[in-house]
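Below: one structure, written as C-alpha cells.
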Amino acid sequence: MPSVPGSVASQLGDAASRRTGATVVLDPSGLFDQQSTGALSEDCEIIRVSDWGELRCAWDLVVRRRPESPHRLVVVHAPEFATPTDLPWDIQHEAADVIRLRRPVGVAGRSAPGAVDADPEQLLTGLLTAQPPVPDDLAGWFETASWWGQVRATIAAQPTPPPGTEAAWQVWTRLDDRFRTWLRNSYGSSLLSSTPHVALHRVAPHLARRLDDGAKILLVVIDGLGFAQWHPLHGAAGLTVHDAGAALAMIPTLTSISRQAIFAGALPRDFAATLRTTTAEERLWRRFWMARGLPDRDISYTKTLGHDAEQLPAVRGRAAAIVVNAVDDILHGAEVLADRQVAAGVDLWARTGFLTNLIGAATADGYETWITSDHGNLPTTATAVLREGQTVEQTGIRVRVYPNATLRAQAADHGEIWDPPCLPTIADAAYHPLFAPGRTGYHTGPNRVSHGGISLDEVIVPVAQVSA
C-alpha cells in the first residue's frame, strides 16, 4: 500500500485506522492529495466535497443512509470550512471526529483559501452560495443561525460594506420572516425538550450532569454575544472549541429575563417576582446547585466588565459562573458604525487577552469551561418612537412592555404582538411585550445595535465547551 504523506498521516492520527463511523477532514489548503487518497482508499471510503451543497448531499444521502458501512473520510476542500464550528451543526456532532489539516510550519506555498487577505466579496459570495436550506425544525434553525452569523461577521469585518451586502440582508429578511412564523408555532414545544442545552434554561441542568460525572464546571456568560461575534471571537482569543452548539434564548431577549433563566435553570414564569432585575442571579445560581446537593462553599458567581487581562476574577468551587459584560457594553455604544463598530471593538477586546487568560487559567485548574450568552443582537434601522408616558411599563429599542393587553393593543400598529409561552401569566406579574418588526428599532438615530426582539440573530445564541 502506498504510504501516506508524513504531514497528513500525523494529523489524521488514529482516524486513519478507524473501522466505523465517518471522519470529517477539513482541508482548505489542499494537503489531502492523490497520494493520500491512494494510500488510504484500501482501508476506508473517501468522499471529497468542495462546497456546502456537496457536503450536505454526501452526509444526508451516503453517510446517514448507510451507517453500517465501513469507515469513511469526508474530505472537505472549501475555504468556508476552516474550523469544526464552521460545519453544519448536525454534521459536527454526528461525525466520529473532525480534523483540520494544516500546512507544516516552514513549508512554502500559497496561503490557505479563506485567509484574512482573501477578497471580501468572494468570501461573502461563497457564504451566500453555501446557504443551508430553509429549516423546518430547531436543529436546522441552529445551523442557519450559525451560518448567518458568519455572513454578518464577514460583512462587519470590512471598513465599507462589500458588494453583496444588500443581497445578504434581503436573504436575512426572507429567513427571518420564516423564523418568526416557526417561532410562534414551535417555541413552546421546543422549551419542553429534554435535549441538552436546547434552550438557556436547560444549560444549568446539562452542566449538572457533567458535574455528576466528576467534572468541575465553569460557566462563562458573555452578555450580548451573538453568532456574528462568536465566530471571529473564539479565533481571535485563541480558544479551542471542543463542543459547539446553540440554544434558544428566553423571549423577550432582555438580560433580566434571559440571563436570569440561565442561572435559575428555569423558565421566566418560575421567577416572576424578579423578572425585571438581575439582582437575584447569584441567589438563583446557588439555589439551583444546593437543590442538587452541592454545598454553598462549592458554588461561586462573579460579574466583571472583562477590561483587564491581568485582573482575572477568581474561579472557585465545583460550580463556578462568571458574567462578562464587555460585548454588551460594546454593542450598546456602537451608534456610529453599528455592526462594523461592534466587530472592531470585539476583536480588540478578544486580543487584549482577558478571555484567553481567564479560560487558560480555568483549564490549568482542571475546569471544564462552557461559554454561552443570554441573547444575541441585531443592527437596526429607526422607526417611530412612541410617546406613551405611563401607559408603557418598559421601553427598549427592540421591545416595549405593557402592564396589560388592552394598553398594548392600542399600540398594535407599531409592532408585533405576541405572548411567548415562557412568560408568567399571573395578574401580579403581567408582562405584555410589543416587538419591533423586522430590523427596526424604537429609536431615531441612524445606527443602533440592540436586542429584546424575536429575530434569528437575537433568539439563537452559541453554546460551546472551550479551553485555552
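The table that follows gives values for the structure above.
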read-out	value
Charged-residue dipole, Cβ positions (Lys, Arg, Asp, Glu), the chain about Cα centre, Debye nearest 20	740
Unit charges on C-beta of K, R, D, E only; dipole of the stretch 117-243, Debye	460
Paramagnetic reach from residue 169 (point 7 Å along Cα→Cβ, amide N under 18 Å) across the stretch 122-137	124-125, 128
Accessible area of the chain divided out per residue, in Å², using a probe of 1.4 angstrom	41
For the chain, alpha-carbon Rg and Dmax in angstrom	22.9, 80
Descending principal axes extents, the stretch 261-316, alpha-carbon based, whole Å	39, 28, 13
Considering only the chain, percent of DSSP beta bridges that pair antiparallel, nearest 5	40
Degrees separating the helix 339-352 axis from the principal Cα axis of the chain, which is the longest one	70
For residue 301, residues with placed amide H under 5 Å, excluding near neighbours	321
Relative contact order [Cα under 8 Å, 6+ residues apart], the stretch 291-438, whole percent	15
Cβ-based charge dipole, the stretch 353-459, positive-most Cα from 456, 359, 385	385
Largest-first ordering by accessible area, 1.4 Å probe, given options 86, 365, 213, 33	213, 365, 33, 86
Taking the chain and dividing mean pair separation by its residue count, relative contact order in percent (alpha carbons under 8 Å, at least six apart)	17
Rh (Kirkwood; distinct C-alpha pairs) - the stretch 347-468, Å	16.9
Using alpha-carbon coordinates, inclination of helix 227-236 to the longest axis of the chain, degrees	50
Expected 222 nm ellipticity per residue - DSSP helices of 4 or more, -39500 (n - 2.57), all of the chain, to 500	-10500 deg cm²/dmol
Positive dipole terminus of the stretch 360-432, leading residue within 417, 373, 429 (C-beta point charges)	417
Estimated FRET transfer efficiency when R0 is 51 angstrom, pair residue 316-residue 425 (beta carbons, to 0.05)	0.85
Between 0 and 90°, nearest 10: helix 138-156 axis offset from the chain longest Cα axis	90
Mean projected area (nm²) of the alpha-carbon convex hull when the stretch 280-432 is viewed from all directions	12.3
Cα→Cβ-extended label distance, 7 Å offset, between residue 45 and residue 210, nm	3.4
Surface share of carbon and sulfur [accessible, 1.4 angstrom probe, percent] for the stretch 192-331	47
Cα centroid separation, the stretch 206-266 to the stretch 147-170 (Å)	25
Cβ-based charge dipole, the chain, positive-most Cα from 443, 280, 181	280
Apportionment of accessible area to carbon and sulfur, the stretch 389-468, percent (1.4 Å)	50
Gyration tensor verdict on the stretch 143-215 (Cα atoms; rounded if a/c is under 1.5, prolate if a/b is larger than b/c, oblate otherwise)	oblate
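The values are calculated or read from the model by the stated rules, or taken from the named source; none is laboratory data. Because the structure is a prediction, the values reported are computed rather than measured. Backbone-built Cβ (ideal geometry, glycine too); neighbour counts: all protein chains shown. Note: areas computed on protein heavy atoms with side chains; ligands, DNA, RNA excluded. Shrake-Rupley method; radii C 1.70, N 1.55, O 1.52, S 1.80 Å.
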